[in-house]
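To start, the structure under review is shown below, and the notes come after it.
The values are calculated or read from the model by the stated rules, or taken from the named source; none is laboratory data. Computed from a prediction, not measured in an experiment: that's the story for all the values here. Don't worry about glycine lacking a Cβ; one is built from the backbone with ideal geometry, like all the others, and counts go over all protein chains shown.
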Amino acid sequence: MWLLTSCDLVFEIEAPTPLVMMLRPRSGAQQWIASEQYRFNPIVPVIEFTDGYGNLCQRLVAPAGVFEVHTAAEVMIPDTLDQAPNAPFVEIQNLPDAIFCYLLPSRYCESDRFGQMATEITAGEFPGYNQVAAIEAWLRGNIRFDPYGGDIHVSAIDVNARQWGVCRDLSHLGIALCRSLSIPARMVVGYLYGLEPMDLHAWFEAYIGGRWYSFDATQDGVPGGYVAIGYGRDAADVAIYNQFGPALFPAQQRVSVLLGTPSAV
């Protein structure tokens with residue numbers, strides 16, 4: 001499947017503001033970036049670096065006034081998400097060193113508080129993929145997905161207490177439940193073809209059987225159309241922008257994901 005993704009942000013900035021952006025998807029096992037655009041208006045100096053999770057990040061100082069960011073990419077991805085029922089749990093002593101950080105509690109995923117709950121949800125399941133699939137099914141059946149309710153960042157504990165959330169919130173709870181069973185899990189932010197309403201999206205991945213698999217409790221079935229931009233322990237690691245100074249919010253934000261063909265961007 002070929003997708004054309006784009007994201008346009010318009011900021012109204014009162015004073016020069018340092019920003020770190022995370023808007024460039026990278027090629028990997030599940031996606032190939034065939035072409036890409038990334039523009040700022042006005043043009044400013046940019047330094048790009050790779051963070052500790054492998055995400056492509058851009059450092060810049062946005063000038064006072066209207067500041068526009070445009071990104072677009074032509075991406076080849078699988079038609080559906082990979083599945084692996086019965087893929088085994090990976091023993092802790094056999095995990096790659098880089099995976100260990102996804103076992104520990106983090107700012108929005110208090111996995112040390114969900115051990116009993118996760119055990120009850122996954123009772124009788126074969127350790128590994130089947131446990132995560134049971135967690136995904138439980139989230140879909142018990143936590144109401146509300147795409148319009150995400151103004152305030154809340155943690156997995158809060159989401160479980162109130163029983164509703166945006167995609168980010170359901171992912172946080174899923175991650176916390178997985179980690180409480182010693183299954184590494186991480187947050188992913190990116191695009192999803194056909195998402196309603198269209199916006200940037202969040203889901204989670206679990207490390208099972210020696211590789212990462214995607215799970216998304218906000219969607220039914222096994223849809224394709226996922227394009228990852230960033231990975232991290234939780235939402236604190238995968239913000240599409242971080243400003244350093246007074247709070248800053250886009251005056252306009254537009255996201256588009258369309259079916260495409262090679263070299264169409």
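Table for the structure above
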read-out	value
Given (1) in contact with an Asp or Glu (Cβ under 7 Å, 6 or more places away or on another chain); (2) crowded, with 17+ Cβ neighbours inside 10 Å, index of the condition G224 fails	(2)
Subset of the range 25-62 [in contact with a Leu (Cβ under 7 Å, 6 or more places away or on another chain) and closer than 25 Å to F100 by Cα]	R26, T50
Top-ranked residue in the range 147-162 [being touching a residue at least 12 places away in the same chain (Cβ under 8 Å) and among the hydrophobic types (A, V, I, L, M, F, W, C); ranked as surrounded by the most Cβ atoms within 10 Å (Cβ to Cβ)]	A156
Meets criteria (more than 29 Å from I92 (Cα to Cα), among the polar types (S, T, N, Q) and in the same structural domain as L104 (by TED's automatic domain parsing)) for Q252	no
Test: residue in the range 54-61 that is surrounded by fewer than 20 Cβ atoms within 10 Å (Cβ to Cβ) and within 21 Å of D220 (Cα to Cα)	no
Candidates G141, G165, filtered to the one that is small (G, A, S) and surrounded by fewer than 23 Cβ atoms within 10 Å (Cβ to Cβ)	G141
I99 vs. criteria touching a strand residue (DSSP E or B) at 6+ places or on another chain (Cβ under 6 Å), surrounded by 13 or more Cβ atoms within 10 Å (Cβ to Cβ), touching a residue at least 12 places away in the same chain (Cβ under 8 Å) and not hydroxyl-bearing (S, T, Y)	yes
Positions within the range 57-93 being of a type in the set (S, T, N, Q) and either farther than 15 Å from C7 by Cβ or more than 20 Å from the chain's Cα centre (by Cα) (or both), in sequence order	T80, Q83, N86, Q93
Options F244, F204, F215; residue that is touching a residue at least 24 places away in the same chain (Cβ under 8 Å), surrounded by fewer than 14 Cβ atoms within 10 Å (Cβ to Cβ) and aromatic (F, W, Y)	F244
Pairs with Cβ under 7 Å, 6+ apart, first in the range 225-240 and closer than 13 Å to G28 by Cα, second in a strand (DSSP E or B) and at pLDDT below 95	none
Filtered residue count, the range 1-29, keeping only those that are in a loop (DSSP other than H, G, I, E, B), within 24 Å of L248 (Cβ to Cβ) and under 20 Å from the mean Cα position of the chain (by Cα)	1
Among residues of the range 105-126, those that are under 21 Å from S214 (Cβ atoms) and without any contact (Cβ under 8 Å) to a residue 40 or more places away in the chain, counted	1
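The rows are residues; the columns are (1) surrounded by 18 or more Cβ atoms within 10 Å (Cβ to Cβ); (2) over 14 Å from N242 (Cα atoms); (3) without any contact (Cβ under 8 Å) to a residue 12 or more places away in the chain; (4) of a type in the set (F, W, Y).
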| position | (1), (2), (3), (4) |
| --- | --- |
| D8 | no, yes, no, no |
| E14 | no, yes, no, no |
| T17 | yes, no, no, no |
| G28 | no, yes, no, no |
| Q31 | yes, yes, no, no |
| Q37 | no, yes, no, no |
| V44 | no, yes, no, no |
| T71 | yes, yes, no, no |
